[in-house]
Amino acid sequence: DGGITQSPKYLFRKEGQNVTLSCEQNLNHDAMYWYRQDPGQGLRLIYYSQIVNDFQKGDIAEGYSVSREKKESFPLTVTSAQKNPTAFYLCASSINDRGWRGNPFAGELFFGEGSRLTVL
Amino acid sequence: KQEVTQIPAALSVPEGENLVLNCSFTDSAIYNLQWFRQDPGKGLTSLLLIQSSQREQTSGRLNASLDKSSGRSTLYIAASQPGDSATYLCAVRGSGGYQKVTFGTGTKLQVIP
């Protein structure tokens, strides 16, 4: 089955620690995204990548870092610089916008099951 | 700046009722609009995608409409079931530059048996 796998599902972090959330997809999508979800707020974009070895900051990138060494993988590191990291993190993917013309599924987002990070 | 609003924030209906969820957006220059379902503690499941050139999409008991000129979309759920209980989110993808996606905060639906 094609899809997006996020791990771990639950993660606990002590003050001052960096933690890395994994996101793997087998949908053959070029574009991948990381979102943060907090109660009562809409999803906010942390980072996105349209192609391997390239990524851009989203609206709330401070305190986070990413890499995109493989098409299938887009890990997110929550660094100690992120002052309020407790949240639900969601990874998503879509067809790269270069493949949108005439495609009825252009721009459709697919999500993983999420990772819940709690700071102790 | 695009803003997406979903009203009401919560809705409770008896089983079997037809219902409409609303999504409004401030900037009509959109590429597409997508409706999602989210169960507690889970990721988002895509329900329907409407491209900007389309007026509606249907899947089973779900029908979504799009009116760009008025900045509105509705998700119609026919013959609601307890299994429909979840939070429903709409997301709007902009059409300029990087096509940023803006999410609403969702409508939490409870269908009572």
Quiz item: In this structure, is A:S65 among the small types (G, A, S), closer than 25 Å to B:P40 by Cβ and surrounded by fewer than 19 Cβ atoms within 10 Å (Cβ to Cβ)?
Solution: no
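The rows are residues; the columns are (1) of a type in the set (K, R); (2) touching a Ser or Thr at 6+ places or on another chain (Cβ under 9 Å); (3) part of a strand (DSSP E or B).
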| residue | (1), (2), (3) |
| --- | --- |
| B:K1 | yes, yes, no |
| B:P8 | no, yes, no |
| B:V13 | no, yes, yes |
| B:N22 | no, yes, yes |
| B:Y31 | no, yes, yes |
| B:R37 | yes, yes, yes |
| B:K42 | yes, no, no |
| B:L48 | no, yes, yes |
Quiz item: Is it the case that some residue within the stretch A:103-116 is farther than 21 Å from B:W35 by Cβ and more than 10 Å from every other protein chain (Cβ to nearest Cβ)?
Solution: no
Quiz item: Can you list the strands (runs of 3 or more DSSP E) found entirely within the stretch A:1-110 that contain at least 3 residues being of a type outside the set (S, T, N, Q)?
Solution: A:10-13, A:19-25, A:31-37, A:44-51, A:54-57, A:87-94
Exercise. Among residues belonging to the stretch A:19-43 that are surrounded by fewer than 13 Cβ atoms within 10 Å (Cβ to Cβ) and within 11 Å of another protein chain (Cβ to nearest Cβ), point out the one that is modelled with the highest pLDDT.
Key: A:D38
Exercise. Mind listing just one residue for me: the one in the stretch A:69-80 that is surrounded by fewer than 19 Cβ atoms within 10 Å (Cβ to Cβ) and within 11 Å of the chain's Cα centre (by Cα) and, of those, farthest from A:R116 (Cα to Cα)?
Key: A:S73
Quiz item: Does B:T102 qualify as being at negative phi, of a type outside the set (K, R) and either more than 12 Å from every other protein chain (Cβ to nearest Cβ) or surrounded by fewer than 21 Cβ atoms within 10 Å (Cβ to Cβ) (or both)?
Solution: no
Practice problem: Might you let me know whether the stretch B:86-98 holds any residue that is in contact with a helix residue (DSSP H, G or I) (Cβ under 9 Å, 6 or more places away or on another chain) and either within 11 Å of chain A (Cβ to nearest Cβ) or in contact (Cβ under 8 Å) with a residue 12 or more places away in the chain (or both)? | Solution: yes
Self-check item: Residue selected from the stretch B:11-44 under the condition under 26 Å from A:K9 (Cβ atoms) and exposed (fewer than 14 other Cβ atoms within 10 Å of the Cβ), by the criterion nearest to the other protein chains (Cβ to nearest Cβ)
Solution: B:G41
Quiz prompt | Which listed residue is more than 12 Å from every other protein chain (Cβ to nearest Cβ), in contact (Cβ under 8 Å) with a residue 24 or more places away in the chain, more than 10 Å from the chain's Cα centre (by Cα) and within 25 Å of B:G104 (Cα to Cα), from A:I46, A:I60 | solution = A:I60
Exercise. Take B:I77 and decide whether it is closer than 18 Å to B:T45 by Cβ and either β-branched (V, I, T) or touching a helix residue (DSSP H, G or I) at 6+ places or on another chain (Cβ under 6 Å) (or both).
Key: yes
Exercise. Tell me which residues, restricted to the stretch B:60-77, are part of a strand (DSSP E or B), in contact (Cβ under 8 Å) with a residue 40 or more places away in the chain and surrounded by fewer than 18 Cβ atoms within 10 Å (Cβ to Cβ).
Key: B:R72, B:T74, B:Y76
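The values are calculated or read from the model by the stated rules, or taken from the named source; none is laboratory data. Values in this document were obtained by computation on a predicted structure and should not be read as measured data. All Cβ positions, even for glycine, are placed from backbone atoms using ideal geometry, and neighbour counts span all protein chains on display.
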